[in-house]
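For reference, the structure discussed in these notes is given below.
The values are calculated or read from the model by the stated rules, or taken from the named source; none is laboratory data. Everything numeric here is computed off the predicted structure, so don't read it as measured data. Cβ placement follows ideal geometry from the backbone for every residue including glycine, while neighbour counts extend to all protein chains displayed. In case anyone asks, the SASA skips ligands and DNA or RNA and just uses the protein heavy atoms, side chains included. Shrake-Rupley method; radii C 1.70, N 1.55, O 1.52, S 1.80 Å.
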Amino acid sequence: MKEKIAQIEQLLVTELAGCENLQALDALRVKVLGKKGELTALLRGMGQLSPEERPAAGQMINEAREKFTGLLEEKQALLKKQEQEAALKRETIDVTQPAAMPKAGSVHPMTLVLNEVVDCFTGMGFEVVEGPEVELDHYNFELMNIPKNHPARDAQDTFYVDDNIVLRTHTSPVQARTMLTRKPPIRVICPGRVYRADEMDATHSPVFHQMEGLVIDKDVTMADLRGTLNAFAERLYGKGITTRFRPSFFPFTEPSAEVDLTCVNCHGKGCRVCKGTGWIEVLGCGMVNPHVLEMCGIDPNEYSGFAFGIGIERITMQRYGIPDLRLLFEGDVRFLGQFR
């Protein structure tokens, strides 16, 4: 019995030295101590021994099992430590090694320009207000002095949800809502998305962005409007940029004007951008029509005001020399990445 146990121990020690991973060690454990293992076979063979020999043989086998189990557990602990050290070495990160930086996004050029325009007017004391894009006809048209069957509606190319609900064609209904809910003095700007039933090409889009401004107070004049727009032009484009007013017509302002700015490319000398005129058209404006004030609950005999509307896409295209409006809506990362 001693010789057989010694042979099994020699086998175990020899094969333990060759075990390089936990899978091989587990296979050796089964080979020696499993149900069909070498040591278990000795235990089953005890029936062939005499009753006097069995206690001593059983004790020898149990002592051998404990010894073999200890050797296996010692080897198991060693292999686990080696595997952990290998994993730590394999997964070590060199924090001093320069890493590939992830690609960063960029702010949309229209957002850059809009933020700059908003900063300009908030710096002059204007407050930013917003309103719904799906609007009632009452606010979008009627309170802007454009009643049913008014010819000005034909120029709006409106998206109608039904007879009384539209996708707003301008941000003017935000002005109407503001005048109805606040008392003068009022000084607000209304940036937002607007919609008109138009084809998409290099200069037109069915969806675009406006920022309208409104000032209502006592003794507000056209001079205040021009001073405000001159301050805006200089803030946005720098010193030396001036405005030029040309008579126009808008139902909600009277008198009305189209506003040109000194061409930022040639500073008034004439170039390809301004088509040799030295001026670039940027916005429409005027004194708020007294009838609009009256419909919104403001006494036109006591208060007056001015309003203006700026196309964000137009300013963005002028600022960055963008030739095609569609580039602003296509989401092409090659284009947008230029504005980091």
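Details
- The peptide list 77-87, 209-219, 7-17, put in order of mean Cβ contacts within 10 Å with the highest first, becomes 209-219, 7-17, 77-87.
- Segment 112-183 and segment 203-252: distance between their alpha carbon centers, rounded to Å: 16 Å
- Per-peptide packing, taken as the mean over residues of other Cβ atoms within 10 Å, places 294-303, 90-99, 222-231 in the sequence 222-231, 294-303, 90-99 from highest down.
- Accessible carbon and sulfur surface of segment 120-199 relative to its total accessible area, %, 1.4 Å: 48 percent
- Cα gyration tensor, segment 25-69 - rounded (a/c under 1.5), prolate or oblate: oblate
- Annotation: the antiparallel percentage among DSSP beta bridges lying fully within the chain is about 95.
- Normalised by 2.2 N^0.38 Å, with N the number of residues, the alpha-carbon radius of gyration of the chain equals 2.11.
- Degrees, to the nearest 10: 109-122 long Cα axis against longest axis of the chain: 60 degrees
- Per residue, the chain exposes 57 Å² of solvent-accessible protein surface, assessed with a 1.4 angstrom probe and all protein chains in place.
- Computed Kirkwood radius, in angstrom, where 1/r is averaged over Cα pairs of segment 129-185: 11.6 Å
- Overall dimensions of segment 167-255, expressed as equivalent-ellipsoid semi-axes from the Cα gyration tensor (√(5λ), whole Å, largest first), are 24, 21, 13.
- Rounded tilt (10° steps) of 222-237 against the dominant C-alpha axis of the chain: 40 degrees
- Distance histogram for segment 44-102 (every C-alpha pair counted, 10 angstrom bins, percent rounded to whole numbers): 18, 22, 17, 15, 12, 8, 6, 4
- Here the Karplus curve 6.51 cos²θ - 1.76 cosθ + 1.60, taken at θ = phi - 60°, turns the phi angles of segment 176-190 into couplings of 4, 4, 5, 5, 6, 10, 10, 9, x, x, 10, 8, 9, 10, 10 Hz, with x standing for Gly and Pro.
- When the helices of the chain are scored as -39500 (n - 2.57) per DSSP H run of n ≥ 4 and the total is divided over every residue, the value at 222 nm lands at -12500 deg cm²/dmol.
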